[in-house]
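The next block holds one structure in the form of structure tokens; read it before the comments.
What follows is calculated from the coordinates using simple rules that are stated; it is not laboratory data. Since the structure is predicted, the reported quantities are computational estimates derived from the model, not experimental observations. Don't worry about glycine lacking a Cβ; one is built from the backbone with ideal geometry, like all the others, and counts go over all protein chains shown.
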Amino acid sequence: MHLSGEDAVLFISNLAPLYTLERVGNLTGARCLRDGTLILPVQVDEPLPAGESAWVKVWWQGDRLRESEHLAGLIASNALIEYVQLQSVGKPAAYTEALLDHLAQHYEFKTGEGLFLHTDPESPISKASERIKDYWPDAAWSLICKGLLG
């Protein structure tokens with residue numbers, strides 16, 4: 001039995017004070033300290049082939065009955081953005097950008113996978129947003145980005 005997403009779960013569990021490491025049976029999970037959500041690796045029969053994305057299962061608010069599976073990079077992206085926001089309170093935007101970039105590189109080093117971040121110019125979101133800019137006036141596009149990206 002192999003675990004898909006184990007490296008991502010370990011990475012997320014180190015994003016203290018938002019997450020902590022927790023053992024559940026023979027699995028290591030990342031517990032969100034705000035709402036109790038538990039992120040666990042997915043058990044698979046064979047190791048993932050190179051280039052295939054890892055998956056994690058999420059017990060929303062820690063409830064096993066509210067389980068769903070998601071791409072590990074997607075869940076890690078959300079956790080990382082939340083962590084960077086917390087760490088960046090009162091700091092300049094350059095600090096936030098540098099921290100996000102550093103942690104995204106660290107995630108890729110630890111897991112071999114990328115995150116789903118808007119900062120990646122090759123991501124589908126970035127490419128789509130560049131195309132949309134051609135059709136929307138700057139003021140309207142700015143309002144949309146503020147609404148979507150916070």
Could you tally the net charge around Ser88, taking each other residue with its Cβ under 14 Å from the Cβ of Ser88, Lys/Arg +1 and Asp/Glu -1? -2
Ranked by Cβ crowding within 10 angstrom, fewest neighbours first, how are Tyr107, Tyr83 ordered? Tyr83, Tyr107
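For a footprinting-style exposure proxy, rank His102, His70 by other Cβ within 10 Å, fewest first. Don't jump to the answer; show the numbers that get you there.
Working: His102 11, His70 16.
Placing the least packed residue first, the sequence is His102, His70.
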